[in-house]
Amino acid sequence: MTSGVSIEADQGAQHFLNTFTDPAAVARYLEGPRRFTPGLDALHRMTGLLLAEHAPEDARVLVLGAGGRFGAAVAFGVAPRLDFRRG
């Protein structure tokens, strides 16, 4: 155990970081969230619909996190009047 983190956790973190140096893994990056999160596309569509129904006309939506640009693109198709920003 190092710094309160198990060796397995350290190795797992390093394995995760190594994937960003593998061109094939980088090319498949956007497939991951869909495989790991059942219903992700439907969640993004529902978020867009809820924003379209309830956000005021001058709403500005800040999208945070990895993959946020994809979610914003889906929501923007449903709610084109909203101003999406990424953070």
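Before moving on, here are some points about what is shown:
- Selection within the range 5-62 - part of a strand (DSSP E or B) and of a type in the set (A, V, I, L, M, F, W, C): Val5, Val61, Leu62
- Yes/no for Thr47 being under 14 Å from the mean Cα position of the chain (by Cα) and modelled with pLDDT of 70 or more: yes
- For Gly87, the test of being modelled with pLDDT under 80 and among the small types (Gly, Ala, Ser) is passed.
The values are calculated or read from the model by the stated rules, or taken from the named source; none is laboratory data. Given the structure is predicted, the values throughout are model-derived calculations rather than measurements.
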